[in-house]
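Participant: Can you keep this structure in mind? I'll have questions shortly.
What follows draws every value from the coordinates through simple rules; no lab data is involved. Treat the numbers as computed from the prediction; the structure is a model and nothing was measured. Note: ideal-geometry Cβ built from the backbone for every residue, glycine included; neighbour counts use all protein chains shown.
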Amino acid sequence: MLIILTGLAGMAQDPVTVHPDQQSLLNSSDPQLEANKRLVFDFYCKAFQTYNMELVPEYMAEDYIQHNPNVPTGRQAFIDYFSQFEQKPEEDRIEGLVNMVAEGDYVVLSFRVEYPDPEFPEGTYTTTWFDMFRIEDGKLAEHWDYGRRTSE
């Protein structure tokens, strides 16, 4: 039995870790890619994770397309949905950010998330969540994530 348990411990996941220097993720040799990453980073820090919906028009196109099934499409619908949450203070980092990459008009962010472990009720495990944005004319134009329907 000890041999089996020892073998399983060797197969345990490496925990997902948050990037220690998020500002360095914004650097790119391509000025447009750097600008796209900065747009998404600033949107997260200043508007989204703070629920400061007054700033959303600065970052998001009016005809913003949303692919998460819980949030209606369109900038005003986004604002209406997230206005229900209490505003939080602004930070200069994105909570749980693991990495950020840009290619063409797309910026992808990966995040560390932690969930209760169904096999060990007293434990947790980490995994990764992704968000992807398409940028058009200097604004967020479209969004994808691992959104699943929720009941309220």
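Yes/no per residue for (1) surrounded by 16 or more Cβ atoms within 10 Å (Cβ to Cβ); (2) in contact with a Phe, Trp or Tyr (Cβ under 8 Å, 6 or more places away or on another chain); (3) of a type in the set (A, V, I, L, M, F, W, C):
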site	(1), (2), (3)
Gly74	yes, yes, no
Phe85	no, yes, yes
Pro89	no, no, no
Gly96	yes, yes, no
Ser110	yes, yes, no
Glu114	no, yes, no
Tyr125	yes, yes, no
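Participant: Looking at region 133-152, which of its residues are surrounded by fewer than 16 Cβ atoms within 10 Å (Cβ to Cβ) and not small (Gly, Ala, Ser)? Explain how you work it out, then say what you get.
Facilitator: So the first thing to find is which residues in region 133-152 are surrounded by fewer than 16 Cβ atoms within 10 Å (Cβ to Cβ), and the list is 136-138, 146-152.
Glu136, Asp137, Tyr146, Arg148, Arg149, Thr150, Glu152, listed by residue number.
Participant: Are any residues in region 44-72 among the aromatic types (Phe, Trp, Tyr) and farther than 11 Å from Phe133 by Cα, and if so, which ones?
Facilitator: Taking region 44-72 and keeping what is among the aromatic types (Phe, Trp, Tyr), we get 44, 48, 51, 59, 64.
The answer is Tyr44, Phe48, Tyr51, Tyr59.
Participant: Take region 37-72 and flag every residue that is loosely packed, with under 14 Cβ neighbours inside 10 Å, in contact with an Asp or Glu (Cβ under 9 Å, 6 or more places away or on another chain) and charged (D, E, K, R).
Facilitator: Glu58
Participant: Next question, about the same structure. Among strands (runs of 3 or more DSSP E) lying entirely in region 38-152, which contain 2 or more residues that are touching a Pro at 6+ places or on another chain (Cβ under 8 Å)?
Facilitator: Values: elements: 60-66, 97-103, 106-117, 120-136, 139-145.
The qualifying strands (runs of 3 or more DSSP E) are 120-136.
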